[in-house]
Structures are given as C-alpha cells and as structure tokens.
Amino acid sequence: MYLALLTIFCLTVFAGNSIFCRAALVTCDMGPMLYTGVRALSAALILAALCCLHIIKPLAREHTQGAVWRDAWQQSSWTGALGLFAYMLCFSLGYVAMPSAPGTLIINMSVQVSMIGWGMLHGLYPNKKQYLGFAIATAGLIILLSPGLTAPPLLHSLLMGGSGFAWGVFTVAGRDARSAALATAGSFWRAALPGAVCLAAGLLLEPGPAPMAWIFVLAGGLASSLGYILWYSIVPRYSLVNVSIIQLAVPVITAIQGALFLGEGITLRFVVATILILGGICLALRAGAARAAGK
C-alpha cells in the first residue's frame, strides 16, 4: 500500500509538472529553450540546497560536504543526465505547437516502446498477462485522447517521441543507483551544463515571457527535482515492463487535475477510459508480481 501511494503521488507530481510546462509555454509565451534552461538550473540549485542542508546525505557515515557532492556525482551518469536534458528540451520544443492530447499519446507510447524494447533486448520479455494489461491500458488511453484529435505537426511529433525515448533512457540509467536522491542530484548537476547553454540561447534568441511564467517554471523545477527523486526510488521496485505501464496513468491524473483546478468536466468517456487504463495497469502489476513469485 505504501508503494502504491508513493507511486500515485509521484505520477501526480509528473502530471502537475506538465500543467506548469503548458502554462509557461502557451499561456505566458515563454520560449522553449529559456524554459528548459531555467527548469534544469533551478532544479539543480534546489537539489544543491538540499545537500547543503544535509537533507540529502552521502552514502557513508562521513557527513562532510565534499562527500555528498562526490557520492552524487558517482551515483549519476552522463547517460542518465543527457537523457534527462534531452527529455526536458524535446518536451518543451514539441509542446509549443502540439495539442496536449496527441502530445500525451505520443510521449506515452514512446516511453512504452523504449523501455519495453530495452528490456526485451536484455532478455526481459513480458508475459501474456502483462501484454494483455498493456493492451487494455493502451486502448483506454486512446479512448481518452482520440476524440477530437487532429494530425499534429510532424516535427513536433518527432520531438515528443524523442522526449519519451529520452525519458526511458533516464529511467533505465537510474535503476542500479544506491541512492535515488543522490542519483537525481548528480543527474541534474550534469544536466545543468547543457542547461546553461540552453538558457543563454533562450535569452539571446527568444522574446521575454510574461512575468507569471517565472512562477510556473520555478514550480516546474521544484516538481522536477523532488518528483524525480521519488521516481528513482520507485523504479527498482518494479520490473521494466511494469514501470513503463504504470506511466499510462499520468494522462488520467492530468485530466483529474484539470477537472479540479481548471473546471474541466468529467465525461462518461473519461470514466470508461479510466477504468480501462487502471484495470490494465492492475492486471499487468499483478501478473508481474505473480511472475516474480514464481507462480
């Protein structure tokens, strides 16, 4: 139950982060490069502050400031950091001219293909019930998003697909980390290097956004830094197949947040799609648990 609640909370943070991104880019006219740069650097600074305050602690008993920086760097990797940065940049660039529904569909499908594909390359094949759960959840996602969909721009569709693939890289890179907090901190510190370049390009090439955009981007940085710590702590407890499938719940949570905070209605189609998505996820998780237990 604790793992389930932690997973739901983590996915809720991800859904909220999408709302912050959409608000900054579309509502407040912030450029995608500027948004990505500020988001990466603000998250890196927040995690650095948590290390300075000893909220994030080193692995060993040596609680010196140098130890936490060293452990964070060693627990992370350039593969994960570049995957993280590519996810943020492609997401921002694609979201500018991408309606939210097809964008959500593309990025979720890309995540599934990348993570399940990586597992299959390493001999981790889903069983029949996991395939069935994935199919049911995917059908629910398509029902949720398909009415009213229009053909999105090809370039922005490719960017959203690349964002989902990069997220899969970031997720896989952190599976063996001994500390989720240290690995996330190190990844953001590494990602801050290309993030600084992106920020400079955004300041030079993009017009200034509305003042409210800075609140949204800082909220996104906070959600990113804390949400990804939770994500890295959750990932090792699931199989790669189940990790990819549970992310299909994000569009449902996003729709619920829209109903609560934006006054968007709950339709019968949403209820049916939610039942299919959550039912498919439940079936896949139960099948994965039974497989792990050797049944």
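Things worth noting here:
- Residue match in region 159-170 (condition: open to solvent by less than 60 Å² (accessible area, probe 1.4 Å), hydroxyl-bearing (S, T, Y) and out of contact with any Cys (no Cβ under 6 Å at 6 or more places or on another chain)): no
- Of the criteria (1) over 27 Å from A249 (Cβ atoms); (2) among the small types (G, A, S); (3) modelled with pLDDT of 90 or more, which one A60 fails: (3)
- A200 vs. criteria more than 25 Å from V26 (Cβ to Cβ), open to solvent by 10 Å² or more (accessible area, probe 1.4 Å) and among the aliphatic types (A, V, I, L, M): no
- Residues of region 175-190 that turn out to be over 23 Å from V38 (Cβ atoms) and not polar (S, T, N, Q), as a count: 6
- Test for T12: is it open to solvent by 10 Å² or more (accessible area, probe 1.4 Å) and touching a helix residue (DSSP H, G or I) at 6+ places or on another chain (Cβ under 7 Å): yes
- Within region 29-82, the set of residues being within 30 Å of M98 (Cβ to Cβ) and more than 22 Å from the chain's Cα centre (by Cα) comprises D29 only.
- Residue check, S187 hydroxyl-bearing (S, T, Y), buried (at least 20 other Cβ atoms within 10 Å of the Cβ), within 21 Å of the chain's Cα centre (by Cα) and within 26 Å of H122 (Cα to Cα): yes
- Look at (1) under 21 Å from Y228 (Cβ atoms); (2) surrounded by fewer than 14 Cβ atoms within 10 Å (Cβ to Cβ); (3) modelled with pLDDT of 85 or more and you find that D176 fails only one, number (3).
- Hits in region 97-139 - residues which are part of a loop (DSSP other than H, G, I, E, B), open to solvent by 50 Å² or more (accessible area, probe 1.4 Å) and touching a residue at least 60 places away in the same chain (Cβ under 8 Å): L124
The values are calculated or read from the model by the stated rules, or taken from the named source; none is laboratory data. Given the structure is predicted, the values throughout are model-derived calculations rather than measurements. FYI the Cβ positions are ideal-geometry reconstructions off the backbone, even for glycines, and counts take in every protein chain you see. Side chains are part of the model used for accessible areas, which takes the heavy atoms of the whole protein and leaves out ligands, DNA and RNA. Shrake-Rupley method; radii C 1.70, N 1.55, O 1.52, S 1.80 Å.
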